[in-house]
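The values are calculated or read from the model by the stated rules, or taken from the named source; none is laboratory data. In this text, all values refer to a predicted model and were calculated from it rather than measured experimentally. Using ideal geometry, Cβ is built from the backbone for each residue, glycine included, and neighbour counts are taken over all protein chains shown.
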Ligand code: ATP
Ligand code: MG
């Protein structure tokens with residue numbers, strides 16, 4: 001491709017509405033243009049990246065035996081009513097009405113549509129297992145679209161859905177997708193981790209997220225320093241191996257005026273937050289048990305996903321409001337404690353191993369010190385309800401937990417029979433009896449991958465594309481071509497040679513000074529740069545620079561192909 005015929009549209013200025021580096025660089029390099037909130041156009045240069053990402057995904061999905069198809073973006077409401085999601089999905093679902101007053105949505109995902117296909121098309125276990133996928137536009141009316149295509153409203157997803165006769169078959173499809181995803185992200189040259197994720201209310205089901213590691217990532221990724229345990233923050237198991245200390249202090253009531261938070265409590269008593277117990281009241285799952293107390297060590301945070309999975313706790317998790325707190329404990333939120341409570345008391349393991357601790361006295365402006373389990377209050381129910389913190393023990397072996405930031409680029413999930421049951425998707429099994437299909441779903445945020453790759457690979461000059469997804473693999477930069485026929489001829493020849501060798505090469509034939517040309521190519525992030533000049537030609541040489549090399553080097557003209565192939 002000749003740069004003069006390709007619409008390159010770069011800018012030096014950092015757009016002031018772009019907060020993270022990938023968004024800034026995508027705009028500055030002219031990969032995308034904003035149309036409206038969460039809506040982006042992929043310009044020719046950006047689309048080249050997107051297509052390369054798609055092709056890698058397509059090749060690996062095909063290799064794993066998945067079959068490509070294409071479903072409509074617009075989906076009838078009736079299907080969503082059958083699955084029960086029309087009422088549940090909330091404002092992220094973009095709903096529309098047609099001229100006949102029929103309701104539709106723009107698909108945020110396609111479980112309903114694919115399950116409808118399966119129930120119509122699949123008759124026998126002999127047709128299984130099957131895995132269908134598509135690469136298609138989704139719409140989610142995100143509450144806070146941000147970071148460009150990282151969290152947009154319209155975006156492209158690869159979504160796959162597997163169908164098997166039983167749990168073992170589902171596990172096989174799931175494992176095959178795990179392997180395919182690793183191959184996909186390996187080929188894209190990304191530093192990523194596959195982590196355990198929460199699988200919601202589906203018991204025993206597996207769920208894994210694939211995260212590209214980057215400081216700006218929205219998600220916390222937890223991993224063990226020894227062994228291969230890794231999970232997202234929602235799922236990472238918190239364990240406590242410390243023994244409970246002996247009770248050594250008497251329980252005492254003390255006045256704590258103006259103390260409303262753990263920090264204020266610790267500061268006023270000159271103790272560490274780890275000696276204070278935090279008591280949170282949440283709504284219970286049952287009318288008979290309207291309130292449940294959740295206890296954490298003062299420095300720990302509640303994990304809402306874990307909490308809402310507890311059978312005693314209402315889902316979605318709802319914190320008790322001031323009125324409910326007052327009617328339960330006769331004090332305000334800052335003074336609640338577990339002593340004398342006659343509601344279920346659920347403590348995190350670390351909270352349950354505290355001794356001589358400090359907690360609210362259930363009277364405003366008062367706290368208790370020297371509190372001990374068994375002696376002063378009954379043993380609590382112990383459950384994992386907190387977020388892990390760095391340094392926690394590895395729940396699956398030796399070593400400790402570390403936390404890094406990640407960008408979720410993919411998700412594989414065992415749906416089981418949730419949708420097939422709701423939509424009555426069955427096939428006849430070996431005995432001729434109807435069996436409900438076991439499903440898995442497997443997503444990759446295709447557009448988000450492009451942003452995540454940049455977030456992980458950039459420097460002050462611009463993007464550093466991994467070779468496999470770079471818009472161009474190489475660029476030929478002639479110096480002063482307008483003045484030198486020899487340079488023009490040599491550059492044209494090099495360009496043709498690279499093209500013939502199958503290299504996706506850009507020929508920067510624009511009448512630009514070398515400095516401007518080089519900085520454009522660095523901003524765009526082309527992996528290999530070859531410079532042709534009169535001076536170099538005299539010695540039959542070429543200047544070469546890899547995008548992340550600290551400096552350029554001079555190579556012999558006939559070494560060019562060896563540099564990249
Ligand atoms: P997130 O937690 O980031 O909202 P999700 O759990 O809603 O993601 P899935 O429903 O599993 O995402 O969708 C599959 C993939 O689609 C995600 O792993 C992500 O890469 C991508 N994706 C989801 N929402 C968006 C969005 N608003 N913009 C771009 N990509 C997205
Ligand atoms: Mg989401």
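What the table shows:
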item	result
Residue selected from the stretch 399-423 under the condition assigned to a loop (DSSP other than H, G, I, E, B) and touching a strand residue (DSSP E or B) at 6+ places or on another chain (Cβ under 8 Å), by the criterion nearest to ligand 2 (Cβ to nearest atom)	417
Single residue of the stretch 311-334 satisfying the filter (at pLDDT 95 or above and within 22 Å of residue 220 (Cβ to Cβ)) that is nearest to the chain's Cα centre (by Cα)	317
Given (1) out of contact with any helix residue (DSSP H, G or I) (no Cβ under 9 Å at 6 or more places or on another chain); (2) surrounded by fewer than 19 Cβ atoms within 10 Å (Cβ to Cβ), index of the condition residue 236 fails	(2)
Matching residues in the stretch 496-522 - criterion: being touching a helix residue (DSSP H, G or I) at 6+ places or on another chain (Cβ under 9 Å) and either in the same structural domain as residue 26 (by TED's automatic domain parsing) or surrounded by fewer than 14 Cβ atoms within 10 Å (Cβ to Cβ) (or both)	501, 511
Output for the stretch 12-45, where each listed residue is exposed (fewer than 13 other Cβ atoms within 10 Å of the Cβ) and at pLDDT 95 or above	35, 36, 37, 41
Hey, residue 204 surrounded by fewer than 17 Cβ atoms within 10 Å (Cβ to Cβ) and away from ligand 1 (no atom under 16 Å from the Cβ) or not	yes
Filtered residue count, the stretch 158-188, keeping only those that are out of contact with any helix residue (DSSP H, G or I) (no Cβ under 6 Å at 6 or more places or on another chain) and not in a helix (DSSP H, G or I)	3
Those residues of the stretch 428-440 which are surrounded by 19 or more Cβ atoms within 10 Å (Cβ to Cβ) and either near ligand 1 (Cβ under 8 Å from one of its atoms) or in a loop (DSSP other than H, G, I, E, B) (or both), in sequence order	437
Failed item in (1) in a loop (DSSP other than H, G, I, E, B); (2) assigned by TED's automatic domain parsing to the domain that holds residue 433; (3) more than 16 Å from ligand 2 (Cβ to nearest atom), with residue 100 passing the rest	(2)
Residue within the stretch 185-197 that is within 16 Å of ligand 2 (Cβ to nearest atom) and in contact (Cβ under 8 Å) with a residue 40 or more places away in the chain present	yes
Residue list for the stretch 192-201, filter: over 11 Å from the mean Cα position of the chain (by Cα), away from ligand 1 (no atom under 13 Å from the Cβ) and crowded, with 17+ Cβ neighbours inside 10 Å	196
Condition met for residue 339 (in contact with a strand residue (DSSP E or B) (Cβ under 6 Å, 6 or more places away or on another chain) and more than 30 Å from residue 90 (Cβ to Cβ))	yes
Filtered residues of the stretch 133-157 (kept if over 16 Å from residue 73 (Cβ atoms) and in a strand (DSSP E or B))	146, 151
Pairs with Cβ under 7 Å, 6+ apart, first in the stretch 103-130 and without any contact (Cβ under 8 Å) to a residue 40 or more places away in the chain, second within 16 Å of ligand 2 (Cβ to nearest atom) and part of a loop (DSSP other than H, G, I, E, B)	105/93; 108/93; 108/140
Qualifying position, being under 31 Å from the mean Cα position of the chain (by Cα) and either at positive phi or modelled with pLDDT of 95 or more (or both), among 486, 461, 491	461
Residues located in the stretch 310-333, provided they are crowded, with 18+ Cβ neighbours inside 10 Å and part of a helix (DSSP H, G or I)	325, 328, 329, 333
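The rows are residues; the columns are (1) under 26 Å from the mean Cα position of the chain (by Cα); (2) away from ligand 1 (no atom under 16 Å from the Cβ); (3) surrounded by fewer than 21 Cβ atoms within 10 Å (Cβ to Cβ).
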| site | (1), (2), (3) |
| --- | --- |
| 83 | yes, no, yes |
| 86 | yes, yes, yes |
| 109 | yes, no, yes |
| 120 | no, yes, yes |
| 140 | yes, no, no |
